[in-house]
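Worksheet: the structure to be examined is printed underneath.
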Amino acid sequence: MRRLLLPLLLLAMTAPAHAAWLHLCPREAVSAQQPYADTAGADDAPLRWFADAQAARPGCRSLALPPGARVETLFPLAAGEEIERTVLLHGRVRDGRFAVGEHVLPSSRPGTPRPSPMPLRANLLAHMQARAYGVEERVKLTLESGRLTVACDAGARPAGVLLGGPWFLPRARLRLATSYSGDGGFALAAADAAAAASENPIGLGALRARASSAPLRLALPDALDRAGWRHFVLQCPAKASSLAIETLALEPDPAPDARPAARSTWVWKAADWRGRGPALLDWAAAHGVRELFITVPFKDGKVHEPARLAAFIRAAAGRGIRVLSVDGDPHMVLPTQLPALARMVRAYAAYNAAAEPAARLAGLQFDVEPYLLPEYGVGKADWDARYLAMARTLREAAGGLRLELVVPFWWDGKSALLESLAPLADALVVMDYRTDPSEIGEFAVPFLDWAARHRRQVRIALEAGEIAPETQRRYVRAGAGEAADLLRLKIGGQQVLALLREPVAGAADAEGFRLQSTREIDGSATTFHKDKGVLLRLLPSLESDFSAWGDAFGGIALHELR
């Protein structure tokens, strides 16, 4: 008998402990033990997912996990989120666990794509649709590989080609540049919704006979409704003619007297301006930085050492540099934090009221990112409404002080939120954290248009700080008989993803997904940290292009350039 017991005892001692049960409990009822993840119930009550070997816990709802399941990480999903086939998880390994920072649930279901801004400086013909018009049917065309050829027979009635695409025109000073060759007599026009309905496009200019050479540039008139753009129109002459258009591109056309936009940057460490102010101002002046966002210490609900702050602001003004405060914590969006937030802003207002004009803050900036909170997106809380409530609190407490809000570029899809922010914020700072110039422009345009429409300002922020590499894990739905590396589990109306340390089979009460691939993301698409010289060389062209929006462009903000 002892010969049998000893091996069994050794096996029990060396076998790895594993979680056998998943629990969903009121958050205050359990301690923070790994693996766990915080979420919120339908009534917004704080809840906590966690896994262990205990079958039941008082006040909790529990679910048995498949035999052998060892949970590495738990990640809550919102109640309405559905998985079609694939789960993408982005994150980093921390303390031996894969910490999920972002998830994507791709869908192949057809939908109506949102129009995107017409790209700048790209050959539009590569992505346009061309259609002949005219009752005499005298137009023959081909559009291949970004090159348009048109042959028009003689005729007295209007005829030509309509050139459309899935875009809207930005609200900026723009011109249309074209390289072409062929007979004279053609003309270019543009149609917005009203012009298209009346079949009376707005003329841009004539395409005279020429061989292909430098592009012809035609300004887009102010009368053209940018948001209502429908198509460009190539109009045939009355005589028989032919034309070949090699390129058609949209270019910014800044006003000749456009003022240079101010570069700006963040100074997150108060010691940098309190103890090393002259060196900071020297650096800012050398890099063309004319606005600083600084962290201002508080004590007893007031600006700490206001005389030191005033001295720094005066010194900065002497170098042509303005100073704004910056604060940011994702918890500021929570209703319980609004009274303290209002007191902070009133303390800034009190400082400015007591300071001489040359020593006053030029404004207040708040970098509040609620999506960093673990409970964001779960429960029934309307996070956009919470953000708006915070913005109203800031606006009321700030009075006439300039108020700026920092937002991510992917909020361009939150049209209702952005419209509601317009009367509350003087400016938005858009975290346009990309390194590809075309992507920077694409993500900037909707916000610059917002600023132009509402007579506000937008700063375009670029990242130069170090970003740790991330890993993307791609999971696909497991087939019959396949082991699963990831489980989707549900208790009541709540659901969670459970990442497993080893694959398991037999997940009868869960949807299983197998790990298909992993990919390292080094941050080079997001930050200029590895070559800040590239950023500095890129800035003049970006600033020139964005200045086509006039006063709506508030300059480029540089994060962690120093």
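Bear in mind that the values in this text are calculations on the coordinates, not laboratory data. What you see is a predicted model; the values in this text were computed from it and never measured. Here the Cβ is made from the backbone with ideal geometry for all residues, glycine too, and neighbour counts use every protein chain on show.
Structure data summary
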quantity	calculated
FRET efficiency, V135 to R519 (Cβ-Cβ, R0 56 Å, nearest 0.05)	0.50
Cα long-axis angle, helix 277-286 against the chain (0 to 90 degrees, to the nearest 10)	40 degrees
Order by protection proxy (mean Cβ within 10 Å, highest first), peptides 249-256, 173-180	173-180, 249-256
In sequence order, calculated HN-Hα J values of region 98-110 (Karplus, 6.51, -1.76, 1.60; Hz; x Gly/Pro)	7, 8, 7, x, 8, 10, 9, 10, x, 10, 9, 5, x
J(HN,Hα) series, region 84-90, from Karplus relation 6.51 cos²θ - 1.76 cosθ + 1.60, nearest Hz, glycine and proline x	7, 8, 10, 10, 10, 10, 10
Contact order normalised by residue count of region 116-252, Cα under 8 Å, 6+ apart, percent	37 percent
Nearest 10 degrees, 0 to 90: helix 2-14 Cα axis against the chain principal axis	40 degrees
Positive-pole candidate from P278, V296, G377, dipole of the chain, charges at beta carbon	P278
Helical mean residue ellipticity (222 nm; -39500 (n - 2.57) per DSSP H run of 4+; nearest 500) of the chain	-6500 deg cm²/dmol
Cα gyration tensor shape of the chain, rounded if a/c is under 1.5, else prolate or oblate by comparing a/b with b/c	oblate
Excluding exposed DSSP-loop GluC sites (Glu not before Pro) (at most 15 other C-beta within 10 Å), longest clean stretch of the chain	200-465
Built amide H within the under 5 Å cut-off of Y36, gap 5+	L74
Amide hydrogen neighbours beyond the local backbone of A79, cut-off 5 Å, H modeled	G379
Of K269/K299; K380/K414; K269/K532; K302/K532, those spanning more than 26 Å from alpha-carbon to alpha-carbon	K302/K532
Fraction of beta bridges assigned by DSSP in the chain that are antiparallel (%, nearest 5)	75 percent
Leading residue at positive end of dipole, region 78-126 (Cβ point charges), from L88, L120, H103	L120
Most to least packed among 487-496, 273-282 [average Cβ atoms within 10 Å]	487-496, 273-282
Interchain or long-range residues, amide H under 5 Å from A261's placed H	none
Inter-centroid distance (Cα atoms) of region 416-443 relative to region 299-314, Å	31 Å
Karplus-derived 3J(HN,Hα), 6.51/-1.76/1.60, for each residue of region 493-502, Hz, glycine and proline x	x, 9, 9, 8, 9, 10, 7, 9, 6, 9
Whole-angstrom gap from region 149-208 to region 541-562, using each part's C-alpha centre	31 Å
Per principal axis, descending, Cα span of region 116-252 in whole Å	37, 34, 23
All aspartates and glutamates inside 12 Å of K239 as judged from Cα atoms, apart from same-chain residues fewer than 8 positions distant	D153, D183
Binned Cα-Cα distances of region 388-523, short to long, each 5 Å bin given as a whole percent	2, 8, 14, 12, 10, 9, 11, 12, 10, 7, 4, 1, 0, 0
Folded to 0 to 90 degrees: helix 338-354 orientation relative to the chain principal axis, Cα	60 degrees
Stokes-Einstein D (µm²/s) once Rh is taken as the Kirkwood radius of region 435-495 over alpha-carbon pairs, at 10 °C in 1.306 mPa s	94 µm²/s
Across the chain: Cys residues that no other cysteine approaches within a C-beta distance under 4.7 Å	none
Fewest-first ranking of Y133, Y387, Y36, using other Cβ atoms within 10 Å as the exposure measure	Y133, Y36, Y387
Ordering of 147-156, 531-540, 113-122 by burial proxy (mean other Cβ atoms within 10 Å per residue, highest first)	147-156, 113-122, 531-540
